[in-house]
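Q: Quick one: this structure, given as structure tokens, is what I'll be asking you about.
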Amino acid sequence: MSEDTDYTELIGRLEEQERRLRLPRFGNDDAWRLGCLIADLAQERAAAVTIGIHRAGQRLFHRALPGTSPDNDAWLERKCRVVERYGASSYLVGTRFHAKGTSFEESSRLDPDRYAAHGGAFPVHVTGTGVIGAVAVSGLPQAEDHALVVEALERYLPTTA
């Protein structure tokens, strides 16, 4: 993030997304449909990304598009661990640390080989239950990874009503 970043505005926007993008339910079929939607959006943009969806520690969806590598899988896992630990998107967690004048790596006291507070993992929040998992993308700059997941959730949410 640059020195010009307005952290207050960015944090507000990220928190609003998390309040708004809550699902009424989330089962295995939902993970499949959402994962395929993300893959379709990425392919339309020729984006080399890896997509992962987890629920309660179980991998429900994984897809590595052409141009990705095992490093993308490692990033997915590290970002999803941040969502599971903090109950918030990996981008929001990292931004909160930056807003305090530090970084996640410097101040979280967590192993950076296991946790990455970089954009791309978003909580799967079921209304009335809470955060039950994460949907994540790796392969683009962090703001773009995050935006791709948010766009997919915005498109997917009306289909769950």
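Q: If we scan segment 18-25, do we find a residue that is outside any loop (DSSP other than H, G, I, E, B) and within 16 Å of residue 147 (Cβ to Cβ)?
A: Yes, the conditions are met somewhere in segment 18-25.
Conditions tested, residue by residue: (1) among the hydroxyl-bearing types (Ser, Thr, Tyr); (2) touching a strand residue (DSSP E or B) at 6+ places or on another chain (Cβ under 8 Å).
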| position | (1), (2) |
| --- | --- |
| 73 | no, yes |
| 76 | no, yes |
| 90 | yes, yes |
| 95 | yes, no |
| 118 | no, no |
| 132 | no, yes |
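Q: Any residue that is of a type in the set (Gly, Ala, Ser), under 17 Å from residue 149 (Cα atoms) and modelled with pLDDT of 95 or more - is there at least one of those in segment 56-76?
A: Checked against the condition, which is being of a type in the set (Gly, Ala, Ser), under 17 Å from residue 149 (Cα atoms) and modelled with pLDDT of 95 or more, segment 56-76 yields at least one hit.
Q: Hey, which of the strands (runs of 3 or more DSSP E) in segment 46-156, taking only ones fully inside, have at least 1 residues that are charged (D, E, K, R)?
A: Correct list: 50-55, 58-64.
Q: Sticking with this one: Which of (1) charged (D, E, K, R); (2) buried (at least 18 other Cβ atoms within 10 Å of the Cβ); (3) without any contact (Cβ under 8 Å) to a residue 40 or more places away in the chain is the odd one out, the single condition residue 16 does not satisfy?
A: Looking at each condition in turn, residue 16 falls short on (2).
Q: Give the number of residues within segment 43-60 that are surrounded by fewer than 23 Cβ atoms within 10 Å (Cβ to Cβ) and either under 12 Å from residue 133 (Cα atoms) or free of Cβ contacts under 8 Å to residues at least 12 places away in the same chain (or both). Lay out the reasoning, then the answer.
A: We begin by selecting, within segment 43-60, every residue surrounded by fewer than 23 Cβ atoms within 10 Å (Cβ to Cβ); these are 43-48, 55-60.
Then drop every residue that is not either under 12 Å from residue 133 (Cα atoms) or free of Cβ contacts under 8 Å to residues at least 12 places away in the same chain (or both), which leaves 44-46, 55-60.
Of the residues in segment 43-60, 9 are surrounded by fewer than 23 Cβ atoms within 10 Å (Cβ to Cβ) and either under 12 Å from residue 133 (Cα atoms) or free of Cβ contacts under 8 Å to residues at least 12 places away in the same chain (or both).
The values are calculated or read from the model by the stated rules, or taken from the named source; none is laboratory data. Please read these numbers as outputs of a predicted model, since none were measured by experiment. Here Cβ is always computed from backbone atoms with ideal geometry, including for glycine, and neighbour counts include all displayed protein chains.
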